[in-house]
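Each remark here refers to the structure printed beneath this line.
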Amino acid sequence: MKLKKQNLVGGFNRYRLVITLGLAVLLPAAALIYVNFSQLRSFQRDKVLEALIRRDFQEALALYEKKMNKAMYKKVDETRELFPSADADVAEKEHKLDEILSRCSCLTHAFIFDGDDVVFQTQPSQRDDKYVRDERDHMVDSYHAWFSTKTEMKTLVETLHQRPLNIGFNSFQTTRADGPGFLLTGLFFLPADDRTIVAGVTFDPCYMKSEFLPNMLDDFVKEKNAEQSGNSRAMMIYRADQMDGREIKPMVATVGWGEGKPEVTRKLDDVFHGLALGIKFEGTSVEAMGHTWIRNSFIILGFLSLMIVGGLVLTKHMVSKEMAVAKLKSDFVSNVSHELRTPLALIRLYAETLELGRITTQEKKHQYYRIIRKESERLTALINNILDFSRIEAGHKEYEFRETDIADLVRNTLDSYRYQIEQQGFALEEAIDSDLPAVRVDREAIARALVNLVNNALKYSQDEKYLGVKLYRDNGSVKLEVADRGIGIARRDQAKIFEKFYRAGDPLVHNTKGSGLGLSLVRHITEAHGGEIEVESSPGTGSKFIMSLPLVAAPPQVSSSNAIH
Ligand code: ADP
């Protein structure tokens, strides 16, 4: 009945532990892991990361276009300041325009269209270039035709008035000795009261290709890479009229561009009409990055999940262990109080009976005295065990080793128990070798160990009441054996019985009084003498405890902090 109740309590506690662990830790952890996994899966499915990077790229390209435009507007505006006034004569205008061209090698042409008066100056160093000459003729003709048409002129006036700084841009493809070039012209009006004078500057395609555009791209990439760690960005500019589907050939690209398609492109339509910007990551693609990120996230999540599960298993293990110790302790308290109460009650009962003088026969009186002595001996043994145990636990237990005739010690100890052993109907078989050398031991401790072993043999025997005590020399040690033919000990319990508070699950053990301290003391005492304790037992046939004490000189002095495990 008692056993059942304990099991119920243990089971209930374990059930509560499982519920607490489950509700407080496992459920939230599992929910978190599940949410993260499904989030990652949806990231993978919807390519969220890729879309985010692409949007970031698009925003960056829009910003870069604005910056390029701003730089170009500024350049044209600065040159406009240097233009001659509307009423200057042709020679003066030519002179001023030449001055502008010599100041800025980035310009190929500078011109003023004042009705039919056209001043069109070309960079002196390029004037002999056939391509530049053809280009100039073409420009003079087409601009003249354009600016002479009234309706076209009206549109131009309206357009320029709406543009920032009243500057407009006109671009087309040209050809130079080294291939096609991007020819960009900035147009503006020269202030005049009565007529519309269109002026402008044309940028050298070589300057655009080898200086302006590469510098701009490098600045963008450097600035972005400096503010963001991770993969570097690469950029390029290409002609927007390249056929879709064909591999895009960059006109200008940053150093890290390498091979491959841009991730995001943007056709430029204000200043740099006809060109397009492209951007990507250096040496990798957004898709590959997405894959790697997802894979790494899955690995990290998997690892974290494993750690959570490991932590839970460990916690459960630890808590179960603590609970087992707590249970052992509570069993210990109830066992000890029980064990104290019985001898005390007996002593009181017999002492009171004697005091009342009701016992007349001498023999009966003797019997009562013997019972009182026996019970008080049991009490003393128990209290000694508890005291020793608490000393050991507190680290205060000290041993006093002295040269001892161990055969004598064993014999004397047995003598004081002989009567009790025989009273209980046990056959005592002694085989004590008297020829043993003196051993350095703590007498009291060794006697206590022997008493504990003998007591156990008596307690845990049922039908066959046999007690065998042997003391003999075995190589370098003295062995003390205590054997019985009692209930025996199951194999799985054999290592545990030496732990403090541990008592085997056998019903006889539960019905027998005990504290679970005896064997842990025996082990501590043996180890303090530099020896070891073993048990040989099988259920139903009996047990044999063998304590070996080394013969060599003095046993190691055990440090007082040697607590019982
Ligand atoms: P206690 O006897 O007070 O319970 P011990 O530490 O002396 O504590 O013993 C621990 C357990 O080992 C006992 O509860 C019992 O289950 C088992 N045991 C010890 N000695 C014997 C023995 N001679 N025969 C069978 N079981 C034993």
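Go through the stretch 441-453 and report how many residues are among the aliphatic types (A, V, I, L, M) and not in a helix (DSSP H, G or I). Walk me through it before giving the result.
As a first pass, look at the stretch 441-453 and keep what is among the aliphatic types (A, V, I, L, M): 441, 445-447, 449-451, 453.
With the extra rule that they be not in a helix (DSSP H, G or I), the set shrinks to 441.
Residues in the stretch 441-453 being among the aliphatic types (A, V, I, L, M) and not in a helix (DSSP H, G or I): 1 in total.
With (1) part of a strand (DSSP E or B); (2) open to solvent by less than 30 Å² (accessible area, probe 1.4 Å) as the list, and Gln173 as the residue in question, which single condition is left unmet?
Answer for Gln173: the failing condition is (2).
Let me spell it out: the conditions are (1) farther than 30 Å from Gly22 by Cα; (2) in contact (Cβ under 8 Å) with a residue 12 or more places away in the chain, and Lys365 meets all of them except one. Which number is the exception?
Every condition holds for Lys365 apart from (2).
Taking the options Gly168, Gly181, Gly200, name whichever one is among the small types (Gly, Ala, Ser) and either in contact with a His (Cβ under 8 Å, 6 or more places away or on another chain) or in contact (Cβ under 8 Å) with a residue 40 or more places away in the chain (or both).
Gly200
For the stretch 120-160, what are the residues that are in contact with a Leu (Cβ under 6 Å, 6 or more places away or on another chain) and part of a strand (DSSP E or B)?
Once the filter is applied, which keeps residues that are in contact with a Leu (Cβ under 6 Å, 6 or more places away or on another chain) and part of a strand (DSSP E or B), the stretch 120-160 yields only Gln121.
To keep it simple, each residue is scored yes or no on (1) more than 30 Å from Gly530 (Cα to Cα); (2) small (Gly, Ala, Ser).
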| site | (1), (2) |
| --- | --- |
| Pro343 | yes, no |
| Ala351 | yes, yes |
| Tyr369 | yes, no |
| Leu379 | no, no |
| Tyr399 | no, no |
| Asp408 | no, no |
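Quick test of your reading of the structure: Ala447 fulfils all but one of (1) aliphatic (A, V, I, L, M); (2) open to solvent by less than 10 Å² (accessible area, probe 1.4 Å); (3) away from the ligand (no atom under 11 Å from the Cβ). Name the failing condition by number.
(2)
Kindly provide the set of residues from the stretch 454-480 that are in a strand (DSSP E or B), closer than 13 Å to Glu429 by Cβ and open to solvent by 50 Å² or more (accessible area, probe 1.4 Å), ordered by number.
Lys470
So which residues in the stretch 332-365 are of a type in the set (Phe, Trp, Tyr) and either within 28 Å of Lys500 (Cα to Cα) or open to solvent by less than 40 Å² (accessible area, probe 1.4 Å) (or both), if there are any at all? I'd like the intermediate steps shown before the answer.
Within the stretch 332-365, the subset of a type in the set (Phe, Trp, Tyr) is 332, 350.
Selection gives Phe332 alone.
Can you name the residue in the stretch 406-440 that is under 18 Å from Asp474 (Cβ atoms), in contact with a Leu (Cβ under 8 Å, 6 or more places away or on another chain) and in a loop (DSSP other than H, G, I, E, B) and is also least open to solvent (accessible area, probe 1.4 Å) among such residues?
Leu436
The values are calculated or read from the model by the stated rules, or taken from the named source; none is laboratory data. In this text, all values refer to a predicted model and were calculated from it rather than measured experimentally. Methodologically, a virtual Cβ is constructed for each residue, glycine included, from the backbone with ideal geometry; neighbour enumeration extends over all protein chains shown. For the accessible areas, the whole protein counts, side chains as well, though only heavy atoms, and no ligand, DNA or RNA atoms are used. Shrake-Rupley method; radii C 1.70, N 1.55, O 1.52, S 1.80 Å.
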